[in-house]
Amino acid sequence: MPPFPKPRFSYQINVGKELQALRDYERDKPGRAIPDKRENNLLLATWNIANLGLQDRTPKAYRLIAEICSWFDVVAVQEVHDNIEGIRAIQSQLPRSYRMVFSDSSGNDERLAFIYDSMKAILSEEIGEVAFPPSELRHVKLTGVDHVFTAFDRNPYLCTFTRGSFVFSLVNCHSYFGGDDQPSMDRRTLETYAIARWTDLRRGSSNAFTKDIVVLGDLNLPKAQPGDRVFEALTKRGLHIPKHSTQVASAIASDNHYDQVAFFPGETQKDFVRSGVFDFDGAVFADLWEDRGEKDFKAFTRYYLSDHRPLWAEFKTG
């Protein structure tokens with residue numbers, strides 16, 4: 001979990017100006033609108049907030065991150081460092097009804113976390129990490145993949161919430177990346193299939209706490225389309241990825257669709273309304289872009305905010 005280089009130039013964040021820019025962009029930019037919170041809906045989001053707790057963000061930067069998080073009822077957060085002061089700083093700038101739960105650290109000294117509005121989503125009894133007993137490892141295999149699955153680099157983190165009659169399990173994932181070489185891709189593909197297989201088996205179990213299971217997070221998915229190896233592994237057991245209304249990639253530096261929300265047709269899909277990506281980088285720090293150009297703008301944005309955009313999904317709850 002190496003941090004991005006801290007920008008060497010000075011730039012002061014004008015919080016009031018940037019908050020207004022975010023709100024105006026979210027409201028007025030075509031295709032970027034995020035649904036309002038309502039009594040009969042639930043707004044989920046997933047956001048990889050780069051090296052959270054490791055990079056030296058300022059209180060002003062945390063205020064902008066908290067603003068975006070406050071638009072949603074539950075936010076699955078990835079890249080939470082073992083040092084949790086970063087996510088604590090976000091929570092401190094959210095309304096008092098927002099709570100937090102997180103896993104222990106694992107690969108890259110990362111935790112997985114949920115920030116949620118306890119006025120809209122009630123944390124239920126089932127919480128845990130997704131893992132496999134040794135006897136199950138041999139079943140995690142795919143044709144053409146020689147790599148042997150032994151464990152997740154970072155165990156997916158499961159929390160169950162209720163909203164009215166809607167009882168749903170969220171599986172927060174940050175899949176192994178490694179690189180674009182064959183061994184790394186094989187490992188990533190098997191991790192993806194492992195969570196797809198587990199989710200399918202769990203929702204089919206008579207002992208399942210709920211059949212509404214949503215996989216979300218940074219799945220390091222290059223392209224959300226048939227033919228992509230990671231996409232094929234994720235959807236092999238029936239998980240469905242809805243089309244985003246915005247058609248904007250979640251990775252700022254590329255057009256990759258790393259971050260996703262997936263669920264099963266015929267069950268959770270009946271409650272799904274719409275989803276999209278919020279490209280906050282189109283709104284913030286406009287004067288920095290004008291004065292210093294794209295390179296410095298991106299360096300500042302990825303350090304103080306993130307190199308990933310949040311992906312959101314709306315579900316009806318009544």
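Okay, residues lined up against (1) of a type in the set (F, W, Y); (2) buried (at least 24 other Cβ atoms within 10 Å of the Cβ); (3) at pLDDT 95 or above; (4) more than 23 Å from R27 (Cα to Cα):
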| residue | (1), (2), (3), (4) |
| --- | --- |
| Y258 | yes, yes, no, yes |
| F264 | yes, no, no, yes |
| D271 | no, no, no, yes |
| D281 | no, no, yes, no |
| D287 | no, no, yes, no |
| E294 | no, no, yes, yes |
| T301 | no, no, yes, no |
| Y304 | yes, yes, yes, yes |
| T317 | no, no, no, yes |
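Name the residue that is surrounded by the fewest Cβ atoms within 10 Å (Cβ to Cβ), counting only residues in the range 74-101 that are touching a helix residue (DSSP H, G or I) at 6+ places or on another chain (Cβ under 7 Å) and farther than 20 Å from T162 by Cβ. My answer is D82. If you go through the range 121-167 and keep only what is at pLDDT 95 or above, in a strand (DSSP E or B), of a type in the set (A, V, I, L, M, F, W, C) and touching a Phe, Trp or Tyr at 6+ places or on another chain (Cβ under 9 Å), you end up with I122, L123, I127, C159, F161. The selection criterion, being aliphatic (A, V, I, L, M), at pLDDT below 95 and either in a helix (DSSP H, G or I) or farther than 21 Å from F300 by Cβ (or both), does not hold for A45. Can V171 be described as under 18 Å from the mean Cα position of the chain (by Cα), within 26 Å of Q269 (Cβ to Cβ) and not in a helix (DSSP H, G or I)? Yes, satisfied. Among the numbered conditions (1) closer than 26 Å to K17 by Cβ; (2) in contact with a strand residue (DSSP E or B) (Cβ under 7 Å, 6 or more places away or on another chain); (3) assigned to a helix (DSSP H, G or I); (4) of a type in the set (A, V, I, L, M, F, W, C), the only one that V248 does not meet is (3).
Among the residues of the range 108-147, those identified as without any contact (Cβ under 8 Å) to a residue 24 or more places away in the chain and over 25 Å from G86 (Cα atoms) are P133, P134, S135, E136, L137, R138, T143, G144.
Restricting attention to the range 228-237, the residues being crowded, with 16+ Cβ neighbours inside 10 Å, part of a loop (DSSP other than H, G, I, E, B) and touching a residue at least 40 places away in the same chain (Cβ under 8 Å) number 1. Of all the residues in the range 255-304, those that are touching a residue at least 24 places away in the same chain (Cβ under 8 Å) and under 25 Å from K37 (Cα atoms) number 24.
Is it fair to say G293 is over 20 Å from the mean Cα position of the chain (by Cα) and under 23 Å from Q12 (Cα atoms)? Yes: the conditions hold for G293. Looking only at the range 58-73, which residues are surrounded by fewer than 23 Cβ atoms within 10 Å (Cβ to Cβ) and in a loop (DSSP other than H, G, I, E, B)? Hits for the range 58-73 are T58, S70, W71.
So in the range 161-197, with the set limited to residues that are surrounded by 19 or more Cβ atoms within 10 Å (Cβ to Cβ), out of contact with any Asp or Glu (no Cβ under 7 Å at 6 or more places or on another chain) and among the small types (G, A, S), which one is nearest to K141 (Cα to Cα)? Checked the range 161-197; the qualifying residue nearest to K141 (Cα to Cα) is A194.
Go over the candidates A224, A253, A208 one by one and state the one that is within 25 Å of T160 (Cα to Cα) and either under 14 Å from the mean Cα position of the chain (by Cα) or of a type in the set (A, V, I, L, M) (or both). Before the answer, list the steps.
On the way: A224 fails: within 25 Å of T160 (Cα to Cα); A253 fails: within 25 Å of T160 (Cα to Cα).
One residue alone meets the criteria, A208.
Select from the range 7-36 the residues that are assigned to a loop (DSSP other than H, G, I, E, B), over 20 Å from T58 (Cβ atoms) and either in contact with a Cys (Cβ under 8 Å, 6 or more places away or on another chain) or touching a residue at least 40 places away in the same chain (Cβ under 8 Å) (or both) and list them in ascending order. Please lay out each step first, then the result.
Let us first name the residues in the range 7-36 that are assigned to a loop (DSSP other than H, G, I, E, B), namely 7-14, 29-36.
Still in the list and also over 20 Å from T58 (Cβ atoms): 29-36.
Scanning the range 7-36 gives K29, G31, R32, I34, P35.
The number of residues in the range 102-116 being in contact with an Asp or Glu (Cβ under 8 Å, 6 or more places away or on another chain), surrounded by 21 or more Cβ atoms within 10 Å (Cβ to Cβ) and not small (G, A, S) comes to 3.
The values are calculated or read from the model by the stated rules, or taken from the named source; none is laboratory data. The structure displayed is predicted, hence computed values, not measured ones. A quick note on method: Cβ atoms are made from the backbone with ideal geometry, for glycine too, and the neighbour counts reach across all protein chains shown.
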